[in-house]
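To keep things clear, I will list the structure first and then write my remarks on it.
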Amino acid sequence: MKQGTGPSAKAWAVGLFCLTVLVGIGGTSAFGLWEQSSTATMTVRAAVSTPTPTPTPTATPTPVGLTLTCTQITTSTVRISIAGLSSPTAMTVGGKMSTSSVYVSIPVVPPSATLDLTPSSPIFLTGVLDGHNPEVDVQVTALQNTGTTATGELRRLKLSGNGKYLTCPV
């Protein structure tokens, strides 16, 4: 070893630091000096999340049935009595041949608990008749003031005499 050469200042600083940490003198401050060069990352998350609102279900009205009864007034007039109405706000009456699946409906203004039908009633003049003494089904639909829709059906009214007579089902 050459004379006059000794450890450098950097070597003395590192050695002194290690000795201080090993002996425990100034441990906290030494650790603080050591940690100054590191970086910290912090993530913050909310402990409680807000739930997604769910839509309030809309009540579906329960279908209500109407009861239709037929009374023969004359050889060409029948009276349909409707039971089960509750202050209807709108009403339709429809007719179809018993062999068909589609009703031809017209509005009833004002809604009524009885309907008088003849062979010339509009529900029979809108394509229901085929001129061969058909059996006709009648359907009444009413929108009640409660928001429910009520429907009733009377099957097999008989149109006869080439469309001159209408009779109640037997």
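The values are calculated or read from the model by the stated rules, or taken from the named source; none is laboratory data. Note that the structure is predicted; figures quoted are calculated from it, not measured. A quick note on method: Cβ atoms are made from the backbone with ideal geometry, for glycine too, and the neighbour counts reach across all protein chains shown. All accessible areas refer to the heavy atoms of the entire protein, side chains included, with ligands and DNA or RNA removed. Shrake-Rupley method; radii C 1.70, N 1.55, O 1.52, S 1.80 Å.
The distance between label points at CYS168 and ALA83 comes to 1.2 nm (points 7 Å beyond Cα on the Cα→Cβ vector).
Please report the carbon-and-sulfur percent of the accessible area for the range 80-170; probe 1.4 Å, protein heavy atoms only, DNA, RNA and ligands left out.
55 percent
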